[in-house]
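Chemist: First the structure, then my questions, so here it is.
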Amino acid sequence: MSEELNQRVRSDFSRARFKAFLNRVRSLVSGQPDTLLSYDDIKEKLHIGGPIYRGVKTVRVDQIVGSLNRYHEFDRAFLPMEDRIANRWQSVDRAFYKDVSLPPVVLYKVGQVYFVVDGHHRVSVARQQGQEFIEAEIRECATRVNITPDLKPEDLQILHEKVHFLERTRLDDLRPESRVRLTIPDGFDRMAEHIAVHRYFMGLDLKRDVAEEEAIAQWYDTVYL
């Protein structure tokens with residue numbers, strides 16, 4: 001039975017590596033990256049805060065899209081990219097078949113997605129075995145922009161500029177319900193220019209100095225909407 005199990009976990013790892021190879025080929029053909037998101041990149045570009053401990057919760061596996069420090073070892077589907085992690089991966093897979101209880105993985109939550117701090121192999125095996133959920137110890141990081149599981153690395157630049165726009169205008173504080181979405185890289189710089197022009201003409205119309213916050217709120221209510 002032990003040898004049969006060993007053969008099974010070796011076969012599982014081989015299949016996972018082959019799937020990773022196919023994903024890599026599709027990525028090269030399509031030009032779309034298949035890498036995990038880097039938490040450090042997210043932190044630097046989106047100026048996230050925290051993390052704050054939120055306890056142990058059940059998390060959807062498909063919401064785990066990045067890693068704190070091992071994003072080169074797995075692809076976006078959390079398939080193993082390197083043969084050298086075979087032993088560790090197979091030991092976790094063996095525990096799955098034996099129904100051995102493993103400790104919760106440790107995740108950072110940013111928006112609607114999660115980044116693995118500890119437990120990469122457990123997440124990878126869970127994906128390979130078709131698990132929908134996994135137990136996780138959660139630490140949540142504050143963000144001014146919403147991040148969803150379909151986020152691509154190339155989307156980060158636009159979100160980076162949106163964060164700067166919100167930090168500059170405080171639109172999300174002035175109008176908490178605001179939902180500003182753009183798809184062009186310099187769109188938020190253009191909107192900042194529009195607000196400055198709007199403020200200037202408000203001053204002419206009202207024949208007084210207009211505070212920046214007043215102009216931003218009025219621009220959102222009467223121009224953007």
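Chemist: With the structure loaded, tell me whether Val100 is closer than 30 Å to Glu3 by Cβ, aliphatic (A, V, I, L, M) and either exposed (fewer than 14 other Cβ atoms within 10 Å of the Cβ) or touching an Asp or Glu at 6+ places or on another chain (Cβ under 6 Å) (or both) or whether it fails that test.
Modeler: Criteria met by Val100.
Chemist: Which residues, counting only those in the stretch 46-62, are open to solvent by 70 Å² or more (accessible area, probe 1.4 Å) and within 12 Å of the chain's Cα centre (by Cα)?
Modeler: If the condition is that a residue be open to solvent by 70 Å² or more (accessible area, probe 1.4 Å) and within 12 Å of the chain's Cα centre (by Cα), then Asp62 is the only one that fits.
Chemist: Related question: Under 9 Å between Cβ atoms, which residue pairs at least 6 apart in sequence (or on different chains) link something in the stretch 1-27 that is farther than 20 Å from Arg88 by Cβ with a partner that is open to solvent by 40 Å² or more (accessible area, probe 1.4 Å)?
Modeler: Note: pairs meeting the criteria are Asn23/Arg76; Arg24/Met81; Arg26/Gln32; Ser27/Pro33; Ser27/Thr35; Ser27/Arg76.
Chemist: Right, here's the next one. How do the pairs read when you match residues in the stretch 73-95 that are in contact (Cβ under 8 Å) with a residue 40 or more places away in the chain and under 11 Å from Asp12 (Cα atoms) with residues anywhere that are open to solvent by less than 50 Å² (accessible area, probe 1.4 Å) and charged (D, E, K, R), using Cβ under 6 Å and keeping only pairs 6 or more apart or on different chains?
Modeler: Here the result reads Asp93/Asp12, each pair linking the stretch 73-95 to a residue that is open to solvent by less than 50 Å² (accessible area, probe 1.4 Å) and charged (D, E, K, R).
Chemist: Name the residues in the stretch 115-147 that are of a type outside the set (A, V, I, L, M), in a loop (DSSP other than H, G, I, E, B) and surrounded by 18 or more Cβ atoms within 10 Å (Cβ to Cβ), would you?
Modeler: Hits for the stretch 115-147 are Gly119, Thr143, Arg144.
Chemist: While we're here: Checking the condition buried (at least 16 other Cβ atoms within 10 Å of the Cβ), acidic (Asp, Glu) and touching a helix residue (DSSP H, G or I) at 6+ places or on another chain (Cβ under 8 Å), which residue from Asp209, Asp172 passes?
Modeler: Result of the check over Asp209, Asp172: Asp172.
Chemist: Sticking with this one: Within the stretch 74-91, which residues are of a type outside the set (Ser, Thr, Tyr) and either assigned to a strand (DSSP E or B) or open to solvent by 20 Å² or more (accessible area, probe 1.4 Å) (or both)?
Modeler: Phe74, Asp75, Arg76, Ala77, Pro80, Met81, Glu82, Asp83, Arg84, Asn87, Arg88, Gln90
Chemist: May I pose another question? Given the stretch 152-225, what helices (runs of 4 or more DSSP H) lie entirely inside it while holding 2 or more residues that are closer than 30 Å to Ile64 by Cα and either without any contact (Cβ under 8 Å) to a residue 12 or more places away in the chain or not acidic (Asp, Glu) (or both)?
Modeler: Answer list for the stretch 152-225: 156-169, 171-174, 187-206.
Chemist: All but one of (1) farther than 30 Å from Ser2 by Cα; (2) surrounded by fewer than 21 Cβ atoms within 10 Å (Cβ to Cβ) hold for Val65, so report the exception by its number.
Modeler: (2)
Chemist: Continuing with the same structure: Consider Arg144 against the criteria (1) closer than 15 Å to Val59 by Cβ; (2) at pLDDT below 95; (3) more than 10 Å from the chain's Cα centre (by Cα); (4) not hydrophobic (A, V, I, L, M, F, W, C): it satisfies all of them except one. Which criterion is unmet?
Modeler: Failing condition for Arg144: (1).
Chemist: Has the stretch 25-43 got any residue that is open to solvent by 80 Å² or more (accessible area, probe 1.4 Å), touching a strand residue (DSSP E or B) at 6+ places or on another chain (Cβ under 8 Å) and among the aromatic types (Phe, Trp, Tyr)?
Modeler: Checked against the condition, which is being open to solvent by 80 Å² or more (accessible area, probe 1.4 Å), touching a strand residue (DSSP E or B) at 6+ places or on another chain (Cβ under 8 Å) and among the aromatic types (Phe, Trp, Tyr), the stretch 25-43 yields no hits at all.
Chemist: Residues Val105, Val123, Val117: which one is closer than 27 Å to Glu4 by Cβ, modelled with pLDDT of 95 or more and not charged (D, E, K, R)?
Modeler: Val123
The values are calculated or read from the model by the stated rules, or taken from the named source; none is laboratory data. Nothing here was measured: the structure is a model prediction, and the numbers come from that model. Note that each Cβ is placed from the backbone with ideal geometry, even for glycine, and that neighbours are counted across all protein chains shown. All accessible areas refer to the heavy atoms of the entire protein, side chains included, with ligands and DNA or RNA removed. Shrake-Rupley method; radii C 1.70, N 1.55, O 1.52, S 1.80 Å.
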